[in-house]
Amino acid sequence: MTLSIRKLDKSFGGLHVTRSVSFELGRGERLALIGPNGAGKTTLVNLISGTLKPTGGDVYLDERRLTHLPQARRVRCGLARTFQITTLPPRMPVLNQIEMAIHARLGMEHRWWRPFSACREVRDEAWAVLERLGLEKAAGLAPSNLAYGEQRLVEIALALALRPEVLMLDEPMAGVPRGESRTVLRALEELPGSLSILMIEHDMDLVFSYAQRIIVLAEGRIMAEGTPEEIRRHPEVRTAYLGAKA
Ligand SMILES: Nc1ncnc2c1ncn2[C@@H]1O[C@H](COP(=O)(O)OP(=O)(O)O)[C@@H](O)[C@H]1O
Ligand SMILES: [Mg+2]
């Protein structure tokens, strides 16, 4: 599936936060969205996921126009996201949270009534998701008892339980201490190759090693777009954003 963003616009009162943003994300592509704080990155993900309604423009998944669908319907179409700030229920064991996400997905597919083996299948699938992210040891624990990096992985696990085609990650490394960043990085690298990923991230080492393509957002507009090499050499990006790091 191809995610197409066409001339998206968003204003909060007089504040014009998203300005005619257009881009595409192809199947299995790793796209990073970078830009200074307040550039409008989270707002863009909110518009694509349906958390916010745009004041103009459209969101398509292949030929299907999602612009006015509520968030749950977009999830059913294959669009999932994680949040910049952790939103996990702190006390429910991780395995149960994953199972609930799977049940929710099956419910959306109107398969919630399936008898007998359904619970067993859901449990097996939940374990498979945890294994993919290396979270087996966390299964019986509540998020409040996990290291912060693991909590961020649980959020990714919950999104994967929805079996998305497109996954949007809003700063997966935010707040993760140095000692745990390798764990998160390894999990990101292990995500299925067919999954399309849009990642917002401030960690430039991660962005430049992980992304196949980078979009730079500044004041709500796309200021530059290209391969990591092209972005590294881009004169305006260097002066405006990357600075000495480039
Ligand atoms: N719900 C909202 N109401 C009003 N202003 C908002 C809202 N959400 C974001 N903004 C403003 O939009 C701008 C972009 O915010 P955001 O998308 O969070 O940026 P980023 O994720 O790039 O740091 C900021 O000036 C922010 O204050
Ligand atoms: Mg943000």
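Could you look through the stretch 2-18, keep only residues that are within 11 Å of ligand 1 (Cβ to nearest atom) and not β-branched (Val, Ile, Thr), and pick out the one that is nearest to residue 65 (Cα to Cα)?
First pass over the stretch 2-18, keeping only residues within 11 Å of ligand 1 (Cβ to nearest atom): 10-18.
Now restrict to residues that are not β-branched (Val, Ile, Thr): 10-16.
On the way: 10: 18, 11: 21, 12: 23, 13: 26, 14: 27, 15: 26, 16: 23 Å.
The residue in question is 10.
The single condition from (1) among the acidic types (Asp, Glu); (2) within 15 Å of ligand 1 (Cβ to nearest atom); (3) within 15 Å of the chain's Cα centre (by Cα) that residue 203 fails is (3). Looking only at residues of the stretch 63-78 that are of a type in the set (D, E, K, R) and not in a helix (DSSP H, G or I), we find that the one that is nearest to ligand 1 (Cβ to nearest atom) is 65. Identification of strands (runs of 3 or more DSSP E) wholly contained in the stretch 1-41 with 1 or more residues that are away from ligand 2 (no atom under 16 Å from the Cβ) and β-branched (Val, Ile, Thr) yields 3-12.
Annotation note: Cβ proximity below 7 Å between a residue of the stretch 226-240 that is farther than 17 Å from residue 32 by Cβ and a residue that is surrounded by 12 or more Cβ atoms within 10 Å (Cβ to Cβ) and not small (Gly, Ala, Ser) (sequence gap 6+ or interchain) occurs for 236/223.
So that you can scan it fast, the table gives a plain yes or no per residue for (1) touching a Lys or Arg at 6+ places or on another chain (Cβ under 8 Å); (2) charged (D, E, K, R); (3) under 24 Å from residue 199 (Cβ atoms):
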| site | (1), (2), (3) |
| --- | --- |
| 45 | yes, no, yes |
| 59 | yes, no, yes |
| 66 | yes, no, yes |
| 87 | no, no, yes |
| 91 | no, yes, no |
| 96 | no, no, no |
| 119 | no, no, no |
| 122 | no, no, no |
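Does residue 210 satisfy being over 22 Å from residue 25 (Cβ atoms) and of a type in the set (Ser, Thr, Tyr)? Taking the combined requirement at face value, the residue does not satisfy it. Taking each residue of the stretch 79-105 that is part of a strand (DSSP E or B) and looking for partners that are within 16 Å of ligand 1 (Cβ to nearest atom) and charged (D, E, K, R) with beta-carbon atoms closer than 7 Å, six or more apart or interchain, yields 81/170.
Residue-by-condition table, conditions (1) more than 9 Å from ligand 1 (Cβ to nearest atom); (2) modelled with pLDDT under 95; (3) in contact with a Ser or Thr (Cβ under 6 Å, 6 or more places away or on another chain); (4) closer than 21 Å to residue 204 by Cα:
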residue	(1), (2), (3), (4)
33	no, no, no, yes
46	no, no, no, no
49	yes, no, no, no
55	yes, no, yes, no
61	yes, no, no, no
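Is the stretch 46-61 home to any residue that is away from ligand 2 (no atom under 16 Å from the Cβ), over 28 Å from residue 147 (Cα atoms), among the hydroxyl-bearing types (Ser, Thr, Tyr) and surrounded by fewer than 14 Cβ atoms within 10 Å (Cβ to Cβ)? Let's see the steps before the verdict.
Looking only at the stretch 46-61, we keep the residues that are away from ligand 2 (no atom under 16 Å from the Cβ), and these are 50, 53-61.
After this cut, where a residue has to be over 28 Å from residue 147 (Cα atoms) as well, the list is 50, 53-61.
Add one more test, that the residue is among the hydroxyl-bearing types (Ser, Thr, Tyr), and what stays is 55, 60.
Remaining after also requiring surrounded by fewer than 14 Cβ atoms within 10 Å (Cβ to Cβ): none.
No; the residues of the stretch 46-61 include none that is away from ligand 2 (no atom under 16 Å from the Cβ), over 28 Å from residue 147 (Cα atoms), among the hydroxyl-bearing types (Ser, Thr, Tyr) and surrounded by fewer than 14 Cβ atoms within 10 Å (Cβ to Cβ).
All conditions in (1) more than 16 Å from ligand 1 (Cβ to nearest atom); (2) over 19 Å from residue 75 (Cα atoms); (3) in contact (Cβ under 8 Å) with a residue 12 or more places away in the chain; (4) surrounded by fewer than 20 Cβ atoms within 10 Å (Cβ to Cβ) hold for residue 194, with the sole exception of (2). Filtered by the rule that a residue be under 22 Å from residue 232 (Cβ atoms) and among the aliphatic types (A, V, I, L, M), the stretch 22-50 gives 25, 31, 32, 33, 34, 39.
The values are calculated or read from the model by the stated rules, or taken from the named source; none is laboratory data. What you see is a predicted model, and the numbers here were worked out from it, not measured in a lab. Using ideal geometry, Cβ is built from the backbone for each residue, glycine included, and neighbour counts are taken over all protein chains shown.
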